[in-house]
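Enquirer: The structure is given below, and queries will be raised subsequently.
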Amino acid sequence: MNPKTAVRPHRSLVLPLLVVAVPALYFVYRDAAIGCPPGRTCLELAHFGTAAGALAVTYLVAGVALAAADASALADRSALARVAFRPTDRTLAVLAVLVAGLAAYLLASAATTIPGWLDAALTPVGLLVGLPLLVVTVVLITLGNAVGEPSLAVQSAVVAAGLAATGAWLFVLATGTAGFFGSWLPSKIRSR
């Protein structure tokens, strides 16, 4: 894949972009939310600029990684790679809804206080979406208790890996949901 093709938007970039962008955007969000008193807006224009920069860099990283891995050849040889690098229209639509919902919740929580009833209602969704990060956090705490607290760099790397897994998990959830609902649709209107 040539460099121009690597950075042009296409379906095969979705999974690598999620895997790289979720950790990057989490650290921007954490910076905006850390030390913010309850009920006060701590989101500043600089955070939006940093988020845009993080998205641009992660897009380039995902494009280069995809070009290096030769995703097209992988997708031709493996059914799993085909699902990962050639998502259906329905998968992309479900993923767009998931990402939009998460972004709306995160922006709202950074800008204002979320009502307790809404927070409680969305907790199961948060647990499902954040399952890989939850597992990594439990493992990190367990290991920390067993052998001592790791350095901040190790903790950050483990959290970033958990968040990358969460990005991949979002893709899996979208693919599964799209397949589940797609099985109900008549064959004439099924996605390609």
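Enquirer: Taking the mean number of other Cβ atoms within 10 Å as a proxy for protection, how do you rank 22-31, 43-52, 126-135 from highest to lowest?
Expert: Going by the mean number of other Cβ atoms within 10 Å, highest first, we get 22-31, 126-135, 43-52.
Enquirer: Could you work out [θ]222 nm for the chain from helices alone, using -39500 (n - 2.57) per DSSP H run of at least four and dividing by all its residues? Round to the nearest 500 deg cm²/dmol.
Expert: My calculation for the chain gives -26000 deg cm²/dmol from helical runs alone.
Enquirer: Could you give the dipole magnitude of the chain about its Cα centre, charging the beta-carbon of Lys and Arg +1 and that of Asp and Glu -1, in debye to the nearest 20?
Expert: Once rounded to the nearest 20, the dipole reads 820 debye.
Enquirer: With unit charges on the beta carbons (Lys and Arg positive, Asp and Glu negative) and the dipole taken about the Cα centre of the range 3-189, which residue among Ala21, Ala103, Leu92 sits farthest to the positive side?
Expert: With unit charges placed on the Cβ atoms, the residue in question is Leu92.
Enquirer: Could you give me the percent of Cα pairs per 10 Å distance bin for the chain, shortest bin first, beginning at zero and ending with the bin that holds the maximum distance?
Expert: All Cα pairs considered, the percentages come to 8, 28, 35, 21, 6, 0.
Enquirer: Right, something else. Just want the answer: with Cβ charges of +1 for Lys and Arg and -1 for Asp and Glu, which residue in Thr175, Leu118, Val136 is farthest toward the dipole's positive end in the chain?
Expert: Of the candidates, Thr175 comes out farthest on the positive side.
Since every read-out is calculated from the coordinates, none of them should be taken as a lab result. Nothing here was measured: the structure is a model prediction, and the numbers come from that model. Reconstructed Cβ throughout: ideal geometry from the backbone, glycine too, with neighbour counts over all protein chains shown.
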